[in-house]
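The values are calculated or read from the model by the stated rules, or taken from the named source; none is laboratory data. Nothing here was measured: the structure is a model prediction, and the numbers come from that model. As a convention, Cβ positions derive from the backbone with ideal geometry for all residues, glycine included, and neighbour counts pool all protein chains shown.
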Amino acid sequence: MWLQLHDGDGFPFFVNMHNVVDFRWFEREKYTCLITTAPVAEKLHRLYARESATEIMQMIAGEQKRQPRNG
């Protein structure tokens, strides 16, 4: 599932959430760090989004309700 998030400047970018292995909100800095399995220089790739982890979870739940179930 792909979600549209926003970077620190407010520009949109899209994330394949099937590749995200962890994400967490940093209250002090006001961003969510998403860690993906897409290798960059043989390391996990980090993305930073303005949306909170709670907002991202709500987006995921909304997409799951919209998508038909397989099987």
Legend entry - Filtered residues of the stretch 16-41 (kept if closer than 10 Å to residue 51 by Cβ and not aromatic (Phe, Trp, Tyr)): 32, 34
Legend entry - Selection count, the stretch 9-63, where residues are small (Gly, Ala, Ser), part of a loop (DSSP other than H, G, I, E, B) and either more than 10 Å from the chain's Cα centre (by Cα) or loosely packed, with under 15 Cβ neighbours inside 10 Å (or both): 2
Inset, instruction - Would you be able to tell me the number of residues in the stretch 27-71 that are at pLDDT 95 or above and over 16 Å from residue 4 (Cα atoms)? - result: 0
Inset, instruction - Return yes or no: is residue 66 among the basic types (Lys, Arg) and in contact (Cβ under 8 Å) with a residue 12 or more places away in the chain? - result: no
